[in-house]
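The block underneath contains the structure these notes are about, expressed in structure tokens.
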Amino acid sequence: MLWSATARLSANPSPLHLPVFNQSITVFGKSKPSRVCCFPSRAMETNDDTSKAKGLSFDDFLSKKPYSPPTWASHLKPIPSHVFSLAHLPTPIHKWNLPNLPQNTEVWLKRDDLSGMQLSGNKVRKLEFLLAEAVAQGADCIITIGGIQSNHCRATAVAAKYLNLDSYLILRTSKLLVDKDPGLTGNLLVERFMGAHIQLISKEEYAKIGSVALTNVLKEQLLKEGRRPYVIPVGGSNSLGTWGYIEAMREIEEQLQIRSNRVKFDDIVVACGSGGTIAGLSLGSWLGALKAKVHAFCVCDDPDYFYDFVQDLIDGLQAGVNARDIAKGLGYAINTSEELKFVKEVATATGVVLDPVYSGKAAYGMMKDMAENPNKWEGRKVLFVHTGGLLGLFDKVDQMAPLVGNWQRMDVKESIPRKEGIGKMF
């Protein structure tokens, strides 16, 4: 079933060049709000052109630049020729005051949820490389695929529109809803505002046909219509997209270098959805200077599937390493009422909102493992990568509602003076 916008904005809108605003991070504890140490949110000044390009300015945002890889990744092949500047990078790193950590354990947070409002999350890092190739190939539209609340599809629709490309999104939903208007909840609202052409497929059909065949069907249809489509796989996870988090690892290294009291991360924890983020982080940590253990919590399928998938991505870069050597502790996380309660408790305790589908599951799995195996984590410095997905919370309001009952009508006594018109309502 096709759902698409019936009206278009101006045919060739000019890209907007937006100013940069400095960000400061406040963590809210159980007592009063307090400032925490935060890694600077500007790129370190280096002689590397690509690193300089990451500091957003009027000239850099939405620009396409030649790409030069980190020296430790220069042997990988193929190396992307160009990259778009789509994200607000570097994203901050700050200490995360989670309660009940093992003795002397520190958890720090890499805020990839702050990579941009409409483009927030980890997907934009992959899209910087994928869309550079799409434009180089002369594409006039983008095809991608995912779940009905796919963060990747939302980010793709936004990024494509920034670059004057149409987007076609194949979204997986239940067979009871496949013939109904999908609505405007969460990511769908942004996608439909962008004018994305939405095609619904039932979960049952998706399971029988597969994402590759479905995107090929749509590609052939668009080619017959004279369009020039470029296909991006589920989650933007292919060998080219993996460069997004290889580059993120360079960013983390640079952020560590400019701190006066050098922090050395022992572990990196992240959610594993489509596999590209974990592949890039694992490979970057292995090849680069960080050498941290990378732990991932799978949010779908099983660890063995993702080990094999990550291996394919790494092999596509001719890295010559084994996925099981560089990605540690792949566990499986499922969405439960306990995890939703955990997301609420983390927000109340620390001011950080996790999404229930990805980072919420991974953080829950990490804290559960820390509680069950404290000796494994004692004294370690852990970097947790927040991959965004806040819009997905809006699809969980019914499940979340019982967890947030802290409201009441304000009781104003009759003795308080009253006068019509004294309260201005702006």
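A few points about this structure:
- Label point of LEU223 set 7 angstrom out along Cα-Cβ; within the range 129-156, no amide nitrogen lies under 13 Å from it.
- Set LYS161/LYS203; LYS126/LYS293; LYS361/LYS396; LYS110/LYS341; LYS95/LYS264; LYS293/LYS368 screened for pairs whose C-alpha atoms are more than 20 Å apart: LYS161/LYS203; LYS126/LYS293; LYS110/LYS341
- The three principal axes of the C-alpha atoms in the range 140-227 carry coordinate ranges of 34, 30, 19 Å, sorted with the longest axis first.
- Highest average packing first - 206-215, 185-194, Cβ atoms within 10 Å: 185-194, 206-215
- Extension gain, ILE79 to LYS413, is 113.3 nm, computed as 0.36 nm per intervening residue step minus the present C-alpha separation.
- Of MET425, MET366, the residue with the largest accessible area leads and the full order is MET425, MET366 (1.4 Å probe).
- Scaled against the 2.2 N^0.38 Å expected of a compact globular protein of N residues, the Cα radius of gyration of the range 317-426 reads 1.67.
- Area accessible to solvent at ASP267, 1.4 Å probe radius, in Å²: 0
- Cα centroid separation - the range 379-426 against the range 128-167, whole Å: 34
- The GLU378 and GLN257 beta-carbon pair, evaluated with R₀ = 22 Å, returns a calculated FRET efficiency of approximately 0.25.
- Debye intensity ratio I(q)/I(0), log10, the range 83-152, q values 0.21, 0.26 Å⁻¹ (C-alpha model): -0.95, -1.15
- Theoretical gain in end-to-end length, ASP60 to PHE193 [0.36 nm per residue, Cα-Cα removed]: 45.4 nm
- Accessible heavy-atom area order of THR387, THR348, highest first, probe of 1.4 Å: THR348, THR387
- Residues whose amide H comes within less than 5 Å of that of TRP108, counting only those at least five positions distant or on another chain, are TRP96, VAL382, LEU383, PHE384 (H built at 1.01 Å from N in the peptide plane).
- Summing Cβ point charges (Lys, Arg +1; Asp, Glu -1) relative to the Cα centre of the range 340-405 gives a dipole of roughly 160 debye.
- Here the Karplus curve 6.51 cos²θ - 1.76 cosθ + 1.60, taken at θ = phi - 60°, turns the phi angles of the range 231-241 into couplings of 9, 10, x, 3, x, x, 9, 9, 5, 5, x Hz, with x standing for Gly and Pro.
The values are calculated or read from the model by the stated rules, or taken from the named source; none is laboratory data. Note that the structure is a prediction, hence the values are computed from the model and not measured. Every residue, glycine among them, receives a Cβ derived from its backbone with ideal geometry; neighbour counts consider all protein chains shown. We work out accessible area using only protein heavy atoms, side chains counted, and drop any ligands, DNA or RNA first. Shrake-Rupley method; radii C 1.70, N 1.55, O 1.52, S 1.80 Å.
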